[in-house]
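Structure first, commentary second.
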Amino acid sequence: MFDTLQAAQGCAALDEGTKARRLLDDAARYSSDVGDPPGIVYWYTPSFFRLNIGLALLSLGDYADAAGHLHAGLDGLPTDQRDAEWTGEYRTALEHAKTAA
């Protein structure tokens with residue numbers, strides 16, 4: 001699922017919106033199969049995936065939907081991770097999406 005979301009984000013950044021949306025649809029179908037992640041990728045949770053959906057939607061110019069996913073993804077993280085350094089990219093993206101919406 002993460003690979004699909006990364007590909008969607010890349011396609012969106014390359015202005016290949018149709019392909020990006022198809023990949024996002026694929027990821028949405030995969031999300032129904034998301035269970036507990038293996039220990040080696042413990043962060044592969046629905047909240048983490050929502051953050052990456054938000055980035056792809058932001059690249060597509062879907063600002064309101066991007067903001068919704070980014071906000072939900074950040075809120076779904078464990079409390080001690082919501083303001084962690086690694087979330088900076090997502091918090092910046094959320095602010096951009098909210099401003100542009």
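The values are calculated or read from the model by the stated rules, or taken from the named source; none is laboratory data. No experiment lies behind these values; they were computed from the predicted model shown. Methodologically, a virtual Cβ is constructed for each residue, glycine included, from the backbone with ideal geometry; neighbour enumeration extends over all protein chains shown. Note: accessible area is taken over every heavy atom of the protein model, side chains too, but ligands, DNA and RNA are not part of it. Shrake-Rupley method; radii C 1.70, N 1.55, O 1.52, S 1.80 Å.
Assuming 0.36 nm per residue, please report the length gained on full extension of the stretch residue 3 to residue 83 beyond their Cα-Cα distance. Mind dumping the intermediate values first?
On the way: separation 80, 0.36 × 80 = 28.80 nm, distance 2.46 nm.
Result: 26.3 nm gained on full extension.
Mind checking the dipole of the chain: about its Cα centre, +1 per Lys or Arg Cβ, -1 per Asp or Glu Cβ, Debye to the nearest 20?
180 debye
Rolling a 1.4 angstrom probe over the protein heavy atoms, how many square angstrom per residue are accessible across the chain?
Numbers: 5940 Å² over 101 residues.
Accessible area per residue: 59 Å².
For the chain, what is the calculated [θ] at 222 nm in deg cm²/dmol (nearest 500), taking -39500 (n - 2.57) for each run of four or more DSSP H residues and dividing by its residue count?
-21500 deg cm²/dmol
Ignoring ligands, DNA and RNA, what percent of the accessible area of the chain is carbon or sulfur (1.4 Å)?
The value for the chain is 51 percent carbon and sulfur by accessible area.
Rounded to two decimals, what is the ratio between the C-alpha radius of gyration of the chain and 2.2 N^0.38 Å?
After normalising by residue count via 2.2 N^0.38 Å, the value is 1.02.
Could you please put 33, 25 in sequence from largest to smallest accessible area, using a 1.4 Å probe?
Descending accessible area places them as 33, 25.
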